[in-house]
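Written out below as structure tokens is the structure these notes cover.
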Amino acid sequence: MGGIKDLDAVYVVSDLHMGGRGRGAQIFSQSNLLAHLIRALARENSDQQLAMVINGDMVDFLAEPRAKYFDPDGAVDKLDRIATDESFVDVWRALSDFVATPNRLLVIVLGNHDLELALPHVRTHLLEILAKGDASARGRVVLAFDGSGYLCTVGGAKVLCVHGNEVDPWNFTDYESLRRQCCAATFNYGRDEWIPNAGTKLVIEVINRIKKDFAVVDLLKPETSALVPTLCAIRPQLASLTRKIAAASARLSWDSLRRKIGFLGADDDLELEGLADAISPFTGPADAYRLDRPTRDALAQRMLEEVEAELDVGVEPRPSSAVDFLSFAEMASFPIVDISREDLLRACLKQLLSNHTFDLEIEDDTFLGLDASVGEDVRFLVAGHTHIERRLRRKDGRGLYFNCGTWARLIRFEPEMVADASRFEAIYGAMKKGTMAALDDEPGLVRPRPAVVCIEKRGHRTVGELMRVPVDEGGKLPPDLGSLLRPA
């Protein structure tokens, strides 16, 4: 297929989240295991064309000290710090060895925690770290930073790797604004102010402040139903937190509306049926709108100014139907006076466990959004972002969808943990201590689940599988790839 790289095998990992100063602030803890996997891939079938894809959030600039929404000036120094941190350095060495190996290709897809990698000067520095001045090694690195993911074929079957935030209204990346930031860096002219999406705002304004005392907030998935109820239970003083999350929800409403009205690059003649429901909090009731581009831009700017003005003077943002993520009324109605916080948390977790969050074949919003957005000719569609593994057949019945999960720490509550009062008492105590060490020390609570999506040519067939890599417990690691990977 012209213009698309045809490979013998593709191995995809996602969401490493290398970042944070000190082990207590780092959610990636499997450096030795990942480096071992990378080196095994470098040795595997040396005569075949093999690619390793890091499918977004390779590094986590939002976890770094003094994190900013977007940091063009400080990103190179942060990248250097992450690449030389003793907790991560073995991974970077293994990646350098990998790209120095013939017939190997390293693909890095942009995520939503590492946007600064797309900036020209940061991109160049990343290549220098990986290739170490070797032009051949540099040619074996593909940086998929334009928002379209990475497309290739394996045995003639189309494979598309995307991070997954493309269909997440909380974490959607405005690539047009990112492009302007790149141009400003190249042409050395003044940059526009970076307007963060709701998810980034939530991380910087809420999670980064809270995780100093409650490390658990970095490990809870999904945030949509686990984070706020858990914090309600373990931290009584939630007034300021509620306001900050409300501010983040206002940003979500704004981002969602911008996409609906074409502010993020929709066709100029887009007919916006149902727009009235979205804009009525700002403009009053209406039926439906067909707006030209200047009108849409003016309306979008007006709404942004109104929302930001409210936040500046401390007015709580108005609720939006776009925000089904958090129910502030429900949160406010928690009977926190009549029930212990431990029992409240148990009740919240029982609700969460009933949703089968970690079942491999549950059709979550990321799957539904990507499957609907990607053409049927893509045989293997691979995402990350949610930190939760998936293995599903695409709706057309001919293709497969995978989510790689994460290599970062992850809390997975099992039903027996919640059902047993004494067991849960110990878990609750570890969570209240607030440190990563306390969480790690509680047996079975923090469970790294490193996974790899393997797509390879086998004879006349192309096969895709979700594989698990057994966590390194200090024992001897298997020497070859076949014994290292196990079916999920």
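The values are calculated or read from the model by the stated rules, or taken from the named source; none is laboratory data. Note that the coordinates shown come from a computational prediction; the quantities given were computed from them, not determined experimentally. Here the Cβ positions follow ideal geometry from the backbone for every residue, glycine too, while neighbour counts run over all protein chains shown. Accessible surface is based on the protein model in full, side chains and every heavy atom, while ligands, DNA and RNA are left aside. Shrake-Rupley method; radii C 1.70, N 1.55, O 1.52, S 1.80 Å.
So for the stretch 444-462 (the condition being over 30 Å from VAL378 (Cβ atoms) and open to solvent by less than 20 Å² (accessible area, probe 1.4 Å)), does at least one residue qualify?
Yes, there is a match, as at least one residue in the stretch 444-462 is over 30 Å from VAL378 (Cβ atoms) and open to solvent by less than 20 Å² (accessible area, probe 1.4 Å).
Within the stretch 370-425, track down each residue that is closer than 24 Å to LEU220 by Cβ and charged (D, E, K, R). The answer is GLU389, ARG390, ARG391, ARG409, ARG412, GLU414, GLU416, ASP420, ARG423, GLU425. Looking only at residues in the stretch 38-65 that are part of a loop (DSSP other than H, G, I, E, B) and under 26 Å from the mean Cα position of the chain (by Cα), the one that is surrounded by the fewest Cβ atoms within 10 Å (Cβ to Cβ) is PRO65. Pairs only if they're at least six apart or on different chains, beta carbon under 8 angstrom, first in the stretch 76-99 and under 17 Å from ILE27 (Cα atoms), second of a type in the set (Asp, Glu) and in a loop (DSSP other than H, G, I, E, B); list them, first residue then second. That search, which allows pairs on different chains as well, returns LYS78/GLU64; LYS78/ASP71; ARG81/GLU64; ILE82/GLU64.
Out of LEU466, LEU484, report the one residue that is open to solvent by less than 40 Å² (accessible area, probe 1.4 Å), under 23 Å from ASN45 (Cα atoms) and at pLDDT 90 or above. Talk me through it step by step, then tell me what you get.
Values: LEU484 fails: at pLDDT 90 or above.
After applying the criteria, what remains is LEU466.
Please work out if ASP441 is of a type in the set (D, E, K, R), over 26 Å from GLY22 (Cβ atoms) and out of contact with any His (no Cβ under 7 Å at 6 or more places or on another chain). So ASP441 does not fit the description; no.
Summed over the stretch 165-181, residues that are outside any loop (DSSP other than H, G, I, E, B) and open to solvent by 20 Å² or more (accessible area, probe 1.4 Å) total 7.
Is there any pair with a first residue in the stretch 395-414 that is at pLDDT 85 or above and open to solvent by 10 Å² or more (accessible area, probe 1.4 Å) and a second that is outside any strand (DSSP E or B) and among the aliphatic types (A, V, I, L, M) whose Cβ atoms are under 6 Å apart and which are 6 or more apart or on different chains, and what are they? Partner pairs satisfying both residue conditions: ARG409/ILE27; ARG409/LEU219. Looking at the stretch 200-215, is at least one residue free of Cβ contacts under 8 Å to residues at least 40 places away in the same chain and assigned to a strand (DSSP E or B)? The answer is no, given that none of the residues of the stretch 200-215 is free of Cβ contacts under 8 Å to residues at least 40 places away in the same chain and assigned to a strand (DSSP E or B).
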